[in-house]
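See below for the structure under consideration.
The numbers here are math on the coordinates, done by the rules we state, and not lab data. Keep in mind that this is a model prediction, so the values were computed, not measured. Please note: Cβ atoms are built from the backbone with ideal geometry, for glycine as well, and neighbour counts cover all protein chains shown.
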Amino acid sequence: MTSNQDITVRRARDEELERVVRLRWNWTVVDRQQTPEMDEATFVDGAAAWARDRSATHIPFAAVTAKGDVVGMAWLAKAERVASTKGFDRWSGDLQSCYVMPEYRNRGIGGRLVRAVLDAATEMGAEHVTVHTTAGSPAMYTRNGFRQNPRSLFADAAITEVAD
């Protein structure tokens, strides 16, 4: 069994992107048993190309074993914000797709991924970082730097009726 000390959490390298995006496949198809609309190879190739095309706005982080296996991922999605009287170069981040393979969970790897994303966002000058969690994850995000904010609201984009 690999110990937590044998896991490195850092920005993913370009040559690791196929292994990083394969975790997204595992998360949705294997863990959640969702039916994909494409085969695994098509997804992995396409998602890695997508990540490379968006490297300035979607920054992948990886949890990597000493043997080079990618066992966890998290992404920092950067979104430009409207200019204000304080400056023109404003942006916020969204932590996306934080996932650790089931056999590596409960070792603090998810928290290390979260902190790596938050540290990078802070270093790059983000105004804030948001996260949308699964039902079982809010405590992990809270332990690792997130807090509830009464000013944040959420609406599904598919809303068809608006109340008066």
Note to self: I need the Debye-formula profile for region 47-164: one equal scatterer per C-alpha, no solvent, reported as log10 I(q)/I(0) at q = 0.09, 0.10, 0.16, 0.20 1/Å, two decimals.
What the structure shows: -0.30, -0.37, -0.88, -1.22
Next item on the list: Please give the calculated 222 nm ellipticity per residue for the chain, where each DSSP H segment of at least 4 residues contributes -39500 (n - 2.57) and the sum is spread over every residue; nearest 500 deg cm²/dmol?
Entry: -8500 deg cm²/dmol
Check: Quick one: if the Förster radius is 25 Å, what FRET efficiency do Thr133 and Asn26 give, using the C-beta to C-beta distance and rounding to 0.05?
Finding: 0.85
Item checked: Length released on extending from Arg90 to Asp6, taking residue separation times 0.36 nm less the Cα-Cα span -> 26.6 nm
Note to self: Quick check: Cα centre of region 90-153 to Cα centre of region 1-57, how many Å?
What the structure shows: 18 Å
Next item on the list: Would you calculate the volume per residue, in Å³, of the smallest convex hull containing every Cα atom of region 6-90?
Entry: 130 Å³
Notebook entry, point to check: Each label point is 7 Å from the Cα along the Cα-to-Cβ direction; what then is the distance between the points at Lys67 and Asp14, in nm?
Noted result: 2.8 nm
Notebook entry, point to check: Placing +1 at every Lys and Arg Cβ and -1 at every Asp and Glu Cβ, with all other atoms neutral, what dipole size does the chain have around its Cα centre, in debye to the nearest 20?
Noted result: 760 debye
Next item on the list: Run through the DSSP bridge list for the chain and note the antiparallel percent, rounded to the nearest 5.
Entry: 90 percent
Margin query: One quarter of the convex hull surface, Cα atoms only: what value does that give for region 99-164 in nm²?
Written below: 6.7 nm²
Check: Where does each of 68-79, 7-18, 145-156 land if you order them by average Cβ count within 10 Å, highest first?
Finding: 68-79, 7-18, 145-156
